[in-house]
């Protein structure tokens, strides 16, 4: 535990908190050095990791082109202060970034276009997202993108790209093509590769009579969407599977197996969402297998509670194991890490800050783990040493290193950011 004092020196007016934290940090460095961990190297590596913060936490996934949320997605809660327009959403996002160490990315859905034009999703263009590019340049962040295959009249009978209705499929194919063009625009403008991730809600509530037909149509639709080639420096394509969703409990067209095979065959990334598997499955165990056969990987990090309920992520055992596995696989420069939760029962700004900081803490935990030494012990069949090492690092002064990371990035340490959120809530959010 880290104790934070806020004492003003009467002689020179300096704040002694920084001195206290620095002393604790130096002690922490020594403790970690004792198990073979270079703390400075860990902090340097963490500084380079950009996490994609999802815009839809700020407004309960409503976006700016629909008044209702449909297509197997739901938010629960009615906490006041939801962002209602682009200006409010951008203000909340900016405030969140001031409380999160480092420079990151923002993950957008196509439903968040900013325009006065009446344009449907199959006709969206880069110009409809220029305001987001301008915002990203001001913040020094990158942008990621997602086609929005939900909350639309053309989600017919829970089907989009796999629909037996050609007109429905064609509409969504054009939407997918438009989104890839926009993602490429993000990469060109910002100089940071934009992830374009395809997820669809297609499936059936009860056991289907035909499983292969919808999947064959989905395959053909994806082939058409991805037929246009872009520079990989600007855009990285991913596909995202799922076990089931609301209203499609028995059959999901875009299953994990479908997308894993499609991605492998077509040189795409398979995006793993931590809430999209059976309750006893863990994504941490999948990472090494995926990376052995793929150059890169994409993640949506959420917290399922018995199902894909998209709770704000905690610094729990699976999050730490997930992040540590990324470190062990030397994959921090090969993975696109994005968050994907939406909780309307708590302050939405706080949800972002808690989730982003927890993802960074988990990565730091992995970087501060003596992975090389533990691997050597495992290879030598010294499993007692492995267990002892994994257990004893849990009591090393991790919090002191995290506090130093916050201090270096000029953001509040733990215990200091929440009052800032409460003040913003009172002065801004509760007045909406």
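The values are calculated or read from the model by the stated rules, or taken from the named source; none is laboratory data. What you see is a predicted model; the values in this text were computed from it and never measured. Positions of Cβ are generated from backbone atoms using ideal geometry, with glycine treated the same way; all protein chains shown enter the neighbour counts.
Values for this structure:
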quantity: Which numbered condition residue 244 fails, given (1) within 27 Å of residue 137 (Cα to Cα); (2) in contact with a strand residue (DSSP E or B) (Cβ under 8 Å, 6 or more places away or on another chain); calculated: (1)
quantity: Counted residues, the stretch 199-217 - those being outside any helix (DSSP H, G or I) and in contact with a helix residue (DSSP H, G or I) (Cβ under 7 Å, 6 or more places away or on another chain); calculated: 1
quantity: All positions within the stretch 274-304 that are in a loop (DSSP other than H, G, I, E, B) and touching a strand residue (DSSP E or B) at 6+ places or on another chain (Cβ under 8 Å); calculated: 274, 275, 276, 286, 294, 296, 302, 304
quantity: Residue that is touching a strand residue (DSSP E or B) at 6+ places or on another chain (Cβ under 8 Å), over 22 Å from residue 72 (Cβ atoms) and either surrounded by 15 or more Cβ atoms within 10 Å (Cβ to Cβ) or free of Cβ contacts under 8 Å to residues at least 24 places away in the same chain (or both), where the choices are 168, 192, 198; calculated: 192
quantity: Residue match in the stretch 404-413 (condition: at pLDDT 95 or above, more than 19 Å from residue 352 (Cα to Cα), in contact with a helix residue (DSSP H, G or I) (Cβ under 7 Å, 6 or more places away or on another chain) and part of a helix (DSSP H, G or I)); calculated: yes
quantity: The stretch 210-232 residues that are free of Cβ contacts under 8 Å to residues at least 12 places away in the same chain and at negative phi, paired with ones that are surrounded by 15 or more Cβ atoms within 10 Å (Cβ to Cβ) and in a helix (DSSP H, G or I) (beta carbon under 9 Å, 6 or more apart); calculated: 220/169; 227/177
quantity: Where residue 137 falls short, out of the listed (1) in contact with a helix residue (DSSP H, G or I) (Cβ under 8 Å, 6 or more places away or on another chain); (2) surrounded by fewer than 18 Cβ atoms within 10 Å (Cβ to Cβ); (3) under 23 Å from residue 205 (Cβ atoms); calculated: (3)
quantity: Qualifying residues in the stretch 245-257 (those that are within 22 Å of the chain's Cα centre (by Cα) and surrounded by fewer than 18 Cβ atoms within 10 Å (Cβ to Cβ)) - the one modelled with the lowest pLDDT; calculated: 246
quantity: One residue from 370, 419 being more than 22 Å from the chain's Cα centre (by Cα) and in contact (Cβ under 8 Å) with a residue 40 or more places away in the chain; calculated: 370
quantity: Test: residue in the stretch 37-59 that is in contact with a helix residue (DSSP H, G or I) (Cβ under 7 Å, 6 or more places away or on another chain), modelled with pLDDT of 85 or more and surrounded by fewer than 16 Cβ atoms within 10 Å (Cβ to Cβ); calculated: no
quantity: Residue within the stretch 259-269 that is more than 22 Å from residue 221 (Cα to Cα) and either assigned to a loop (DSSP other than H, G, I, E, B) or touching a helix residue (DSSP H, G or I) at 6+ places or on another chain (Cβ under 6 Å) (or both) present; calculated: no
quantity: Residue 140 vs. criteria closer than 25 Å to residue 256 by Cβ and modelled with pLDDT of 95 or more; calculated: no
quantity: Some residue of the stretch 168-183 being in contact with a helix residue (DSSP H, G or I) (Cβ under 7 Å, 6 or more places away or on another chain) and part of a strand (DSSP E or B); calculated: no
quantity: Top-ranked residue of the stretch 305-329 - restricted to ones that are at pLDDT 95 or above, in a loop (DSSP other than H, G, I, E, B) and over 22 Å from residue 142 (Cβ atoms), ranked as farthest from the chain's Cα centre (by Cα); calculated: 329
quantity: Residue check, residue 388 closer than 26 Å to residue 145 by Cα and either modelled with pLDDT of 95 or more or in contact with a helix residue (DSSP H, G or I) (Cβ under 8 Å, 6 or more places away or on another chain) (or both); calculated: no
quantity: Given (1) more than 30 Å from residue 373 (Cβ to Cβ); (2) surrounded by fewer than 22 Cβ atoms within 10 Å (Cβ to Cβ); (3) touching a strand residue (DSSP E or B) at 6+ places or on another chain (Cβ under 7 Å), index of the condition residue 86 fails; calculated: (3)
quantity: Pair list, Cβ < 6 Å and 6+ apart or interchain, from the stretch 134-153 residues that are farther than 19 Å from residue 336 by Cβ to residues that are outside any strand (DSSP E or B) and at pLDDT 95 or above; calculated: 135/90; 149/160; 149/200; 150/201
quantity: Residue count, the stretch 73-98 (criterion: in a loop (DSSP other than H, G, I, E, B) and within 21 Å of residue 120 (Cα to Cα)); calculated: 3
quantity: Hits in the stretch 315-329 (condition: in contact (Cβ under 8 Å) with a residue 12 or more places away in the chain and out of contact with any helix residue (DSSP H, G or I) (no Cβ under 7 Å at 6 or more places or on another chain)); calculated: 316
quantity: Pairs with Cβ under 7 Å, 6+ apart, first in the stretch 66-85 and on the phi > 0 side of the Ramachandran plot and modelled with pLDDT of 95 or more, second part of a loop (DSSP other than H, G, I, E, B) and surrounded by 12 or more Cβ atoms within 10 Å (Cβ to Cβ); calculated: 81/347
